[in-house]
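The values are calculated or read from the model by the stated rules, or taken from the named source; none is laboratory data. Everything numeric here is computed off the predicted structure, so don't read it as measured data. With ideal geometry, Cβ positions are generated from the backbone for all residues, glycine too; neighbour counts draw on all protein chains shown. Heavy atoms of the whole protein, side chains included, go into the accessibility calculation; ligands, DNA and RNA do not. Shrake-Rupley method; radii C 1.70, N 1.55, O 1.52, S 1.80 Å.
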Amino acid sequence: MVVPPLLRAVIMGPPGSGKGTVSARIIKHFGMKHLSSGDLLRDNMQKKTEVGILAKSYIDQGQLIPDDIMTQLMLNELKGLDRYNWLLDGFPRTVAQAEALDKECHIDTVIDLDVPFETIKCRLTARWIHPASGRVYNLEFSPPKVQTVLPESQELTFKIRTQGIDDITGEPLVQRDDDKPETVSKRLQAYDAQTKPVLEYYRKKGLLKSFSGTETNKIWPHIYAFLQTRLPDVSQKDAAIPR
């Protein structure tokens, strides 16, 4: 039996592009190991490893973590995955990181989720949470049963914006700072400025595969079809277009 070559992939996409959902589906259907820089950072900071403590010192000062620290963190983790197909998420974020990765690993493909920023803004700013339980609502896809807006004077008193109440407790929902329109715009602008050179780097190498659309469920079948040419579907679900 011929053993297919290992697939080393990177997934890129702005916050709110559906990257988490797509990554979960890729892992489920193609059995790839998922390595998220965000998850790895949080784990190292929680365990107070040397890299974790160093990374936290930059985050606490509101600074970006230097390329060499992020690269060291990710490459150390990849050493244990040399016999697996893997999917990198959140790394590389700069050309310097991409070049350092190239020296250690051969990247086969870069999946880019090309979702319009206006779509993402609508998606993220429609998200509200119940702080005590962590329940998440979306005013478009999964709204609370009761939707209300506090009068302006009340908003000033509470110092928070609310939209609707929790279905179970009846307590007011709040919007995270990260999901407020002005913050979302800044995050998207920062992502665009930081990652455009990385996308261009991979485009020149012929590795970039962009998938455009406004809905994850419509983008996913194209990603699935593309990956199916490289890897077998290892999931047990019998469906024409798996989800």
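Figures for the structure shown
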| item | result |
| --- | --- |
| In Å, descending, principal axis extents of the Cα set of the stretch 34-152 | 56, 33, 26 |
| Over the chain - Rg/Rh using Cα atoms and the Kirkwood inverse-distance radius | 1.00 |
| Solvent-accessible ranking of Thr229, Thr71, largest area first, probe 1.4 Å | Thr229, Thr71 |
| Given 16 as the ceiling on other Cβ atoms within 10 Å, longest exposed-site-free region of the chain for GluC sites (Glu not before Pro) in DSSP loops | 1-139 |
| Per-residue SASA entry for Met70, accessible area with 1.4 Å probe, Å² rounded to 10 | 20 |
| For the chain, accessible area per residue (1.4 Å probe, heavy atoms of protein chains only), Å² | 57 |
| Rounded to the nearest 10 Å², the accessible area of Thr125 at probe 1.4 Å | 40 |
| Carbon and sulfur %, accessible surface of the chain computed with the full protein complex present, 1.4 Å | 53 |
| Loop-resident sites, the stretch 47-119, for trypsin sites (Lys or Arg not before Pro), counting at most 14 other Cβ within 10 Å (DSSP) | Lys48, Arg83 |
